[in-house]
Amino acid sequence: MWATSRPKLSVWGYHGRSDDSSGNNVKLLALISVLLAFAVPTCASPVQQDAKSIILKFAVDGQRVTCKVLEIRLSLGTEALTPVRVPDGFLVPKEILDAYAAESTRAQSNVSSEVTCDQRTVTLTGLYPAQVLPGQWTVGIAYPTTWFDSPSGAPEQGTWVSYVVAECNDCDPGIVVFQAHSDVPATEILKLQTEPHRNAERDRDVAYALAVFGVDYAPHRDHLVKILRECLQRPPNSPEDDLCDGRLVQYISNLYWRGDSELLHLLLDIAEKREDVVDEAGTFYADLLDRRPDVAIAALSSISPEKQRTACTMAFDNDLRFDRPKFDRIASKLRNMVTDAGQRCLDALQIDRSRRGF
């Protein structure tokens, strides 16, 4: 099992869905799979670990990076600590172990860490002593588009994500601490702009990344919209492929949550039962109903009653049937709305709930 924590930061972004996590066992299993994929595997013959050490790995976009120069700095409150290096990691300073051992200091989030791998630095503040106990750390950086598969998930602000997956020895759960950064990585932009053409899928991914970076936003967003419309022209029973899949809807949904409200009508208008590209839209509908119910119902009112019911059914099938508290929140809000669209959505959810025995 894993828990997600976020540090106290002055400039950061976060996708803000902690209230949607309870009761969702299926999604938890999916998250565990993602975290295991990003927690880079150890070698076949691991180095014997010191009982008071943290074995550290560094990853960029999910790929293990070998650091020619690895620097580790810690602090406890205002006290700077220089941890003793050991093969593949460092010894946890006695000061942090003592802070964890004492009840008076265990609950203080006053530990900071800075890990530099060559030219890349991951800095996290507001850590608790429990997050710096002997075990393993996977320190990582994720850019668009790989952050959808990273332990942090895709943020709604910021242009890149840094994270630490902390697994202390004999502890449950492991902890993911992360932050999103608002500075635009010029080297990443240049790499994308000069990348040779590979295929339509990669062109799609690059368009999303450049839109997030704010480089010619409108043309790159419009490229994603064009692909989505072309995908929807395929027969409804078309299977997913590398271009027309749920990731495309995730890209456009993320741009909406980042502030592009013009995309909302498009996202609602694609509501239909099919096997390929729109499958991920149900999760977006559930989030919209939960986080912005008034906006959701007003927007639903602009599409046909049939699509209204379809959108709410997709929200249930893809998301709400796994999350009872979220379902109950949405149902409660819809009961207080005196609109036809709100009543249709509530009726659709209640029918699906009865059908599923939920």
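The values are calculated or read from the model by the stated rules, or taken from the named source; none is laboratory data. Fair warning: this is a prediction, and the values are worked out from it, not measured in the lab. Every residue, glycine as well, gets a Cβ built from its backbone with ideal geometry; the counts of neighbours run over all protein chains shown.
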- Test: Pro144 is at pLDDT 95 or above and either in a strand (DSSP E or B) or closer than 25 Å to Val206 by Cβ (or both): yes
- Message: Just the residues that are outside any strand (DSSP E or B), in contact (Cβ under 8 Å) with a residue 40 or more places away in the chain and in contact with a strand residue (DSSP E or B) (Cβ under 9 Å, 6 or more places away or on another chain), please, taken from the stretch 50-74.
- Response: Asp50, Lys52, Asp61, Gly62, Cys67, Lys68, Val69
- Query: Given the structure, is Val165 under 18 Å from Val139 (Cα atoms) and surrounded by 13 or more Cβ atoms within 10 Å (Cβ to Cβ)?
  - Reply: yes
- For the stretch 232-247, state whether one or more residues are in a helix (DSSP H, G or I) and surrounded by 21 or more Cβ atoms within 10 Å (Cβ to Cβ). no
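Please pick out the residue among Pro151, Pro144 that is assigned by TED's automatic domain parsing to the domain that holds Gln49 and in contact with a Leu (Cβ under 6 Å, 6 or more places away or on another chain).
On the way: Pro144 fails: in contact with a Leu (Cβ under 6 Å, 6 or more places away or on another chain).
The conditions single out Pro151.
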- Message: Condition check: among the β-branched types (Val, Ile, Thr) and either surrounded by fewer than 19 Cβ atoms within 10 Å (Cβ to Cβ) or assigned to a helix (DSSP H, G or I) (or both). Does Ile96 satisfy that?
- Response: yes
- Message: Yes or no: the stretch 314-334 includes at least one residue that is outside any helix (DSSP H, G or I), modelled with pLDDT under 95 and surrounded by 16 or more Cβ atoms within 10 Å (Cβ to Cβ).
- Response: no
- Query: Could you list, in sequence order, the residues of the stretch 300-358 that are among the basic types (Lys, Arg), touching a residue at least 12 places away in the same chain (Cβ under 8 Å) and farther than 19 Å from Lys273 by Cβ?
  - Reply: Arg324, Lys326, Arg329, Lys333
- Restricting attention to the stretch 268-288, the residues that are assigned to a helix (DSSP H, G or I) and in contact with a helix residue (DSSP H, G or I) (Cβ under 6 Å, 6 or more places away or on another chain) number exactly 11
- Message: For the stretch 250-260, check the following and say yes or no: at least one residue is in contact with a His (Cβ under 9 Å, 6 or more places away or on another chain) and modelled with pLDDT of 95 or more.
- Response: yes
- Only residues in the stretch 257-279 that are touching a residue at least 60 places away in the same chain (Cβ under 8 Å) and not assigned by TED's automatic domain parsing to the domain that holds Phe213 count as the first member; pair them with residues that are crowded, with 17+ Cβ neighbours inside 10 Å and among the hydrophobic types (A, V, I, L, M, F, W, C), Cβ under 8 angstrom, at least 6 apart or cross-chain, and list the lot. none
- Note on the structure: By residue number, the members of the stretch 75-93 that are surrounded by fewer than 18 Cβ atoms within 10 Å (Cβ to Cβ), in a loop (DSSP other than H, G, I, E, B) and not small (Gly, Ala, Ser) are Thr78, Thr82, Val84, Pro87, Asp88
- Members of the stretch 177-204 that are part of a strand (DSSP E or B) and either among the aliphatic types (A, V, I, L, M) or touching an Asp or Glu at 6+ places or on another chain (Cβ under 7 Å) (or both): Val177, Ala180
- Where residues in the stretch 193-229 are in contact (Cβ under 8 Å) with a residue 12 or more places away in the chain and among the charged types (D, E, K, R), which of them is surrounded by the most Cβ atoms within 10 Å (Cβ to Cβ)? Arg204
- Query: Does any residue of the stretch 289-297 turn out to be within 23 Å of the chain's Cα centre (by Cα), of a type outside the set (Lys, Arg), in a helix (DSSP H, G or I) and modelled with pLDDT under 95?
  - Reply: no
- Kindly indicate the residue of the stretch 100-137 that is among the charged types (D, E, K, R) and either without any contact (Cβ under 8 Å) to a residue 40 or more places away in the chain or in contact with a helix residue (DSSP H, G or I) (Cβ under 8 Å, 6 or more places away or on another chain) (or both) and also surrounded by the fewest Cβ atoms within 10 Å (Cβ to Cβ) among those meeting that condition. Glu103
